[in-house]
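Input: a single structure, listed below in structure tokens.
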Amino acid sequence: MKFTFDEKSLIEKIVSGDSEAENRLFLHFKERIEFLVRARLRGKVSSDDQKDILSEAKQAILLSLRKGGFDPAKGKPLEAYIAGIVSNVVAMHFRNLKKQNPSEDIDKHRSVKDPHNPLDDVLTVERKEKIKNALSKLDEKYREVILMRIYEEQSIEEISNQLGIEKSRVSERINYAFKLLIKELKKQKYFQYFSGFDK
């Protein structure tokens with residue numbers, strides 16, 4: 001395919017930012033670009049994905065031409081240049097799919113908090129460690145009431161009797177202890193697995 005004067009003129013207009021020239025280019029190569037995308041995808045993607053890839057290919061062609069990426073002096077046909085860009089876009093799509101597959105295999109249809117998620121055991125151990133570290137940062141009296149209330153499951157009255165303070169004071173101390181604990185957990189990014197909590 002010989003590079004004609006009209007095509008050369010069209011490319012020059014695209015480089016200069018002429019949107020009408022861009023429309024004429026895609027009108028001329030529309031069927032060829034669509035065929036190239038279909039041929040390289042070989043039916044391996046959905047029709048929606050194919051449309052997205054076609055759009056990406058057109059955008060890549062346009063960006064390259066706007067930047068002056070096509071040089072007619074090199075003797076390469078414009079159609080071959082466009083085919084090369086389409087091929088690169090399709091190849092990039094398949095490379096990205098390969099990168100995504102490992103994570104999709106692990107957690108494709110399950111949330112991180114799903115008890116059957118293979119990541120759950122790892123996350124549980126990590127969360128326990130973060131809680132342990134956060135508790136160690138608290139003053140003894142605040143760490144003590146949390147351990148008694150949560151880990152030993154003592155009632156407010158039992159804690160009151162054991163510590164020798166009023167039940168109202170026990171409740172106040174527990175509430176304040178939890179505020180301090182949450183503050184420490186946020187520092188350790190404990191809530192990164194719980195959407196919207198650590199804002």
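Read the figures in this text as sums done on the coordinates, not as results from a lab. Because the structure is a prediction, the values reported are computed rather than measured. A quick note on method: Cβ atoms are made from the backbone with ideal geometry, for glycine too, and the neighbour counts reach across all protein chains shown.
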Which value in nm describes the separation of the simple spin-label points at SER16 and SER55, placed 7 Å from the Cα toward the beta carbon? 3.1 nm
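Just to be sure I follow: if Rg is taken over the C-alpha atoms of segment 5-107 and Rh is the Kirkwood radius over the same atoms, what is Rg/Rh? Don't skip to the end; give the middle numbers.
Numbers: Rg = 15.6 Å, Rh = 14.8 Å.
Reported Rg/Rh, Kirkwood definition of Rh: 1.05.
For every other residue with a beta carbon closer than 9 angstrom to the beta carbon of VAL15, add +1 if it is Lys or Arg and -1 if Asp or Glu, then tell me the sum.
On the way: positive: LYS13, ARG66, LYS67; negative: GLU12, ASP18.
Value of the local net charge: +1.
Report the relative contact order of segment 120-193, percent, no decimals, based on alpha-carbon pairs under 8 angstrom and at least 6 residues apart. Walk me through the numbers on the way to the answer.
On the way: 44 pairs, mean separation 28.3, N = 74.
RCO, segment 120-193: 38 percent.
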Under a plain spin-label model, where a point goes 7 Å from the Cα along Cα-to-Cβ, how far apart in nm are GLU140 and PHE94? 6.8 nm
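Under unit Cβ charges (Lys, Arg +1; Asp, Glu -1), what dipole magnitude, rounded to 20 debye, does segment 120-193 have relative to its Cα centre? Don't skip to the end; give the middle numbers.
Values: 16 positive and 14 negative charges, 100 e Å.
Magnitude of the dipole: close to 480 debye.
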How large is the Rg to Rh ratio of segment 120-193 when both quantities use alpha carbon positions and Rh follows Kirkwood? 1.03
24 Å Cα-Cα threshold exceeded, pairs from LYS141/LYS186; LYS8/LYS76; LYS130/LYS179; LYS167/LYS187; LYS51/LYS76: LYS167/LYS187; LYS51/LYS76
Treating only Lys and Arg (+1) and Asp and Glu (-1) as charged, each at its beta carbon, one finds that segment 5-107 has a dipole about its Cα centre, in Debye to the nearest 20, of 360 debye
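Multiply the residue gap between ARG38 and LEU147 by 0.36 nm, knock off their C-alpha separation, and tell me the result in nm, one decimal place. Provide the component values of the computation, followed by the final result.
Working: separation 109, 0.36 × 109 = 39.24 nm, distance 6.33 nm.
Taking ARG38 through LEU147 to full extension adds about 32.9 nm, to one decimal.
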Subtracting the Cα-Cα distance from 0.36 nm times the residue separation, let me have the gained length for LEU27 to ILE182 in nm, one decimal. 49.8 nm
